[in-house]
2 protein chains.
Amino acid sequence: MKITSRFTVAVHTLLAIYVFRKEYKTTSDFIASSVNVNPVVIRRTLSSLKAAGIIDVKVGCGGATPVKDADDITLYEIYTAVDCVEGDLFNFHEKPNPECPVGKNIHAVLDSHLADAQTALENELKGVTLADLMKQLNILM
Amino acid sequence: MKITSRFTVAVHTLLAIYVFRKEYKTTSDFIASSVNVNPVVIRRTLSSLKAAGIIDVKVGCGGATPVKDADDITLYEIYTAVDCVEGDLFNFHEKPNPECPVGKNIHAVLDSHLADAQTALENELKGVTLADLMKQLNILM
DNA sequence: TATAGTTGTAACCATCTTGATTACAACTAT
DNA sequence: ATAGTTGTAATCAAGATGGTTACAACTATA
C-alpha cells in the first residue's frame, strides 16, 4: 500500500503557486493543467493547504497566494496538511488474542519500533523545505 | 493511507513460531488463534515468509519451522517478504504536464527526497531483528 | 491402507480509499 | 450585470484489503 498522491500533488501545487505567483493568477484550473489532474482535485488540495495556513485562496476573484515563506514550509508540513496518514503509518491487526503470551504483548514489543520507523520517515520530510525544492527547480528551469 | 496489517500479522506470526516451536505444532489454526484472524490469512502469510526463505512449512503434516536464526531476521526482511509496499512508498501523480516548467521537473526535484524518506524508514526497520523482539517478549512473558 | 489433520490456493464477497467528474450555489473584480 | 472563480456535495469506477468457503493434495499415524 502506498501513500496517496495527494502529497506529491500538494507539493507540485505549492511549487506552481510560489514559482508563478508574479506572472500568473494561480487558479485551480491553471494549477490543474500543470499537475494534470481534475481542477476539483486541486481545489480540495488548496482547501487543505489553506486550512494549514500555508496559502491563502481568494474566493470569487480566484487565485492562491503564499502566506508563509518558502523557507518555513517543510515537506512534513505539506504531508500532514493533506492528511496522507492519519495517526499511525502502520496498520495493526485489530484484536490480538490476550489469552496468548505473544498476542498479549505484541503491542508492547512492536509499537515503539513502528513508531521509530515512522518518525525516521517524518524527520526526513522535516529536513526539506519548499525553498530547497525551488532552488533545485531554478537550476533546471 | 496506511501500510497493510500484513506486516504486523507476519511479525506476530514469526514470533509465535519462534516462541512456541518446542511446545506446540505451529499450524495456521494455532497461529490464527493468537493473531485473531482467519487461518487462510495466516496461510497466505506463511506462504510469503516461506518464499522469502525465512521459514519452512510442512505440507500435509502441518506446522511451520524456523529456517533462519532470529538474529538474522530483520523487520525489513519481513516487511519486504509480505509485499507491504511494492517499489515506491509514495504514490506520484501519473502525468505532470511536460509543457510546464514545474511539471517537467517535478520528478527531478522531488524523487530523491521521497526516496530518502523511504530509505530512512527502511533503515529503521533494518535495525531491529526478530531476536530483539523475542528478548523484549521474554521479559514480559 | 484408511483416516484425520493440514496446507495451498482459487474464488467470491463486502468494505474502504482513492481520484475523476458533474453540478451548482456563493462570491468578487470589472 | 456579467464572467470567472471557489467551495463543496454527490456520485462513480477502480483497486486493495481482509474474511470466508471450498476443496484438492499431501502426510503422519493408527
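Each value in this text was obtained by applying a stated rule to the coordinates, not by laboratory testing. In this text, all values refer to a predicted model and were calculated from it rather than measured experimentally. All Cβ positions, even for glycine, are placed from backbone atoms using ideal geometry, and neighbour counts span all protein chains on display.
Some notes on this structure:
- Top-ranked residue of the stretch B:45-62 - restricted to ones that are surrounded by 17 or more Cβ atoms within 10 Å (Cβ to Cβ) and near DNA strand C (Cβ under 9 Å from one of its atoms), ranked as nearest to the other protein chains (Cβ to nearest Cβ): B:Leu46
- The set of residues in the stretch A:1-32 that are within 30 Å of B:Thr80 (Cα to Cα) and charged (D, E, K, R) comprises A:Lys2, A:Arg6.
- Pairs with Cβ under 7 Å, 6+ apart, first in the stretch A:60-89 and at positive phi, second of a type in the set (Phe, Trp, Tyr): none
- Taking (1) in contact with a strand residue (DSSP E or B) (Cβ under 8 Å, 6 or more places away or on another chain); (2) surrounded by fewer than 20 Cβ atoms within 10 Å (Cβ to Cβ) in turn, B:His113 satisfies each apart from (1).
- Tally, over the stretch A:65-76, of residues that are surrounded by fewer than 20 Cβ atoms within 10 Å (Cβ to Cβ) and either facing chain B (nearest Cβ under 8 Å) or closer than 26 Å to A:Lys2 by Cα (or both): 2
- Among the residues of the stretch A:83-99, the ones that are more than 8 Å from chain B (Cβ to nearest Cβ) and either surrounded by 18 or more Cβ atoms within 10 Å (Cβ to Cβ) or among the hydrophobic types (A, V, I, L, M, F, W, C) (or both) come to 0 in all.
- Odd one out for A:Thr65 among (1) part of a helix (DSSP H, G or I); (2) among the hydroxyl-bearing types (Ser, Thr, Tyr); (3) within 14 Å of DNA strand D (Cβ to nearest atom): (1)
Residue-wise test of (1) in contact with a Leu (Cβ under 8 Å, 6 or more places away or on another chain); (2) of a type in the set (S, T, N, Q); (3) more than 7 Å from chain B (Cβ to nearest Cβ); (4) closer than 16 Å to B:Ala117 by Cβ.
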| residue | (1), (2), (3), (4) |
| --- | --- |
| A:Pro101 | yes, no, no, no |
| A:Val109 | yes, no, no, no |
| A:Asp116 | no, no, no, yes |
| A:Ala120 | yes, no, no, yes |
| A:Lys126 | yes, no, yes, yes |
| A:Lys135 | no, no, yes, no |
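- Inter-residue pairs, beta-carbon under 6 Å, first over 23 Å from B:Phe30 (Cα atoms) and in the stretch A:91-119, second crowded, with 20+ Cβ neighbours inside 10 Å, 6+ apart: A:His113/B:Val128; A:Leu114/A:Phe90; A:Asp116/B:Glu124; A:Ala117/B:Leu121; A:Ala117/B:Glu124; A:Ala117/B:Leu125; A:Gln118/A:Leu89
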